[in-house]
Amino acid sequence: MGTHPLIFIRADGNRQIASGHLVRCLSIAQACRSLGMEVRFLVCGGESLRLLEELIKENKCEFVKVTALKTAVYDQPQREIEEVTALLRAHARAGAPNPLSGAARSSDLPGEVTYLREIVYLREIVYLLDSYYVTEDYLSAIRPLARVAYLDDLQLFDYPVDLLVNYDVIPQDELASYRSAYRNADRLLLGACFAPLRTQFQNRTMPVRKQAENILITTGAGDGGHLCLSLARRFLRDMQDNPTEEPAKYADIRPRPHFGGGPGSRQTPFPTVHMVIGKLNDDRDELRFLAGQIPFLRLHENVSDMAGLMQACDLAVSAAGTTLYELCALGVPAVSFSMADNQIPSARAFDAVGAIPWAGDLRRAPLETIQSLINFMTDMSESDSFSERASAHEAMRRLVDGKGAFRIAKALDRLCDGTSEPGPSSK
């Protein structure tokens, strides 16, 4: 496609590593396509291939070409080096521009022009890698054949690449340490503004409504900490302990100062709670039963338009992870909780920059964490909470605006022309 480089994206998804790598890479692929670039995915065969094909169909990304590597094992990248390098060499030559005109290809041209016919004009290639198992040997083998970009979450070593992307939420006082950890990378894209969100979260936002009437609760695909069930049981217990003419009112719940507010009775009905039940939630049967007893609880399963559901809500309770970036992009005031070790750094970072408060770890302090979540929902849905919600909305949108995939795509496109993509934390 014109003078743009050919983009190869190497990523996998399966039951062991989930689908997040493929999802974020597909968002980048869509952004690359919008800029006129050709994109090819390289994946392991079997589960990774099937999952990617499903995502391509769901997201209408039929433009993406996919190659299943015969030698690939998702956690042993060294096994595929020979196959990948051969593939890159073949594509570098295929489609390369021929510098000689029809006349110049004539056999009676001067000897030096005849010599030019034998020169191989390589096509410029960018190789974007998204794997936690990458090694220095792998990167060193690829780099002579292509510009190499890497999506990093873990800082396992100082990656020798042309472009390093890490979209962690980075407090200002930690930015220098991030840069020093990536001295071998030629260019850096650091910070939450580079989060490659799904297209449904791009160029969308929600209004801050005068009254908070809908709350979203999401735990991801599973709910190992049984948060949804615990909250539903708590809703039912409080409703039974405090019967009123309107059972959805919660006179006994009091906000704590941690979430901005002091003791006081609710003056408005408790909002409708929209609880997303993921595919791996083991409590769905009991939740369905409880939802029949709680008039303000609505269950949502198999949600295809999560952005639309988020936009319909005024507040959110979410497990830490990618969902926090999505909520920021829409500007839905939220509180997070953690239920796995890898969620804690993200939860703390969003809290530290003043975007999304962290209620705690559900495994280590379940009662305190649940109480903090309820306190947040109660306080932020009171009739006088508008200014606080508006402030949270602005802080979240400043952090993540949904344009990260396009920023990465532009940086990939410019890797081969000697220019850099400006950004708040680019090197």
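The values are calculated or read from the model by the stated rules, or taken from the named source; none is laboratory data. Because the structure is predicted, anything quoted here is derived from the model rather than measured. Cβ sites come from the backbone with ideal geometry, for glycine too, and all protein chains shown count toward neighbours.
Annotations
- Residues in region 300-315 that are among the aliphatic types (A, V, I, L, M) and buried (at least 17 other Cβ atoms within 10 Å of the Cβ): M306, A307, L309, M310, L315.
- Screening the candidates A409, A365 for the property of being at pLDDT 95 or above, surrounded by fewer than 17 Cβ atoms within 10 Å (Cβ to Cβ) and not β-branched (V, I, T) yields one hit, A365.
- Checking region 317-329 against the condition returns a match, with at least one residue being in contact (Cβ under 8 Å) with a residue 12 or more places away in the chain and assigned to a loop (DSSP other than H, G, I, E, B).
- Scanning region 193-205 for residues that are surrounded by fewer than 18 Cβ atoms within 10 Å (Cβ to Cβ) and on the phi < 0 side of the Ramachandran plot gives R204, T205.
- Of the listed requirements (1) surrounded by 15 or more Cβ atoms within 10 Å (Cβ to Cβ); (2) at pLDDT below 85; (3) out of contact with any helix residue (DSSP H, G or I) (no Cβ under 9 Å at 6 or more places or on another chain), E246 misses just one: (1).
- Qualifying residue in region 338-350 (condition: within 16 Å of the chain's Cα centre (by Cα), modelled with pLDDT of 95 or more and within 16 Å of F201 (Cα to Cα)): no
- Count of residues meeting criterion [of a type in the set (A, V, I, L, M), in contact with a His (Cβ under 8 Å, 6 or more places away or on another chain) and more than 11 Å from A409 (Cβ to Cβ)] in region 23-42: 0
- Residues of region 9-22 satisfying the condition of being among the hydrophobic types (A, V, I, L, M, F, W, C), surrounded by fewer than 24 Cβ atoms within 10 Å (Cβ to Cβ) and either more than 14 Å from the chain's Cα centre (by Cα) or in a loop (DSSP other than H, G, I, E, B) (or both): I17
- Within region 176-226, tally of residues that are part of a helix (DSSP H, G or I) and either β-branched (V, I, T) or farther than 19 Å from M310 by Cα (or both): 10
- Restricting region 123-169 to residues that are among the charged types (D, E, K, R) and in a loop (DSSP other than H, G, I, E, B), the residue that is farthest from V400 (Cα to Cα): R123
- Qualifying residue in region 284-295 (condition: aromatic (F, W, Y) and in a helix (DSSP H, G or I)): yes
- Qualifying residue in region 335-342 (condition: closer than 22 Å to D401 by Cβ and assigned to a strand (DSSP E or B)): yes
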